[in-house]
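As structure tokens, the structure follows; a few thoughts come after it.
The values are calculated or read from the model by the stated rules, or taken from the named source; none is laboratory data. Please read these numbers as outputs of a predicted model, since none were measured by experiment. As a convention, Cβ positions derive from the backbone with ideal geometry for all residues, glycine included, and neighbour counts pool all protein chains shown.
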Amino acid sequence: MLGYGEEQAYQILTIVVFICQLFIALIFRRLPFFVAVSFVATSLLVPFASLCALEFRPDLMWATVISRCSVLWLCSDRSFDKAGYSLCFGAPLGLALVIKPSTFLITLLVIRGSWFSAALRACLTGKCGWPRVLLSAILILGSASAIAGWLWI
């Protein structure tokens, strides 16, 4: 049998939901414990998480990954402070490219637009310089390539 069956789809979706929860916990780890736990718990109410158990629809997962990634990048004041932030931004980009490869152009457009807006804001407000922005671009491309690079070969 080519591809994967119904049971494997449920296993894959369980892993995706778990990774999503870890990503949320990582983002909110500096908040008080109960606030961070409430963010993790309420993220399960997102249609993406609830529908994952019922059917494998990459549209919902792709849209959720892209929107969370873009919003977190645009809303964070420390987007360019550490290399880890760029790696954590590139990983969902790679994940989105794996989830729905047919929409790679819009994925790259949305991600590139949000990254460029955040970089422009950081440089114009004096929070970082262009060398750090270029390092961020390299790290994002590297982490996205580590996850979705096999699609580009």
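Listed values, structure above:
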read-out: Filter result for residue 24 (surrounded by 12 or more Cβ atoms within 10 Å (Cβ to Cβ) and at pLDDT 75 or above); value: no
read-out: Filter pass, residue 104 being modelled with pLDDT of 80 or more and not assigned by TED's automatic domain parsing to the domain that holds residue 14; value: no
read-out: Criterion violated by residue 112 - all others in (1) charged (D, E, K, R); (2) over 20 Å from residue 65 (Cα atoms); (3) part of a helix (DSSP H, G or I) satisfied; value: (2)
read-out: Single unsatisfied condition, residue 118 versus (1) surrounded by fewer than 15 Cβ atoms within 10 Å (Cβ to Cβ); (2) within 22 Å of residue 26 (Cα to Cα); (3) of a type in the set (A, V, I, L, M); (4) at pLDDT 85 or above; value: (1)
read-out: Single residue of region 75-97 satisfying the filter (among the aliphatic types (A, V, I, L, M) and surrounded by fewer than 17 Cβ atoms within 10 Å (Cβ to Cβ)) that is nearest to residue 132 (Cα to Cα); value: 83
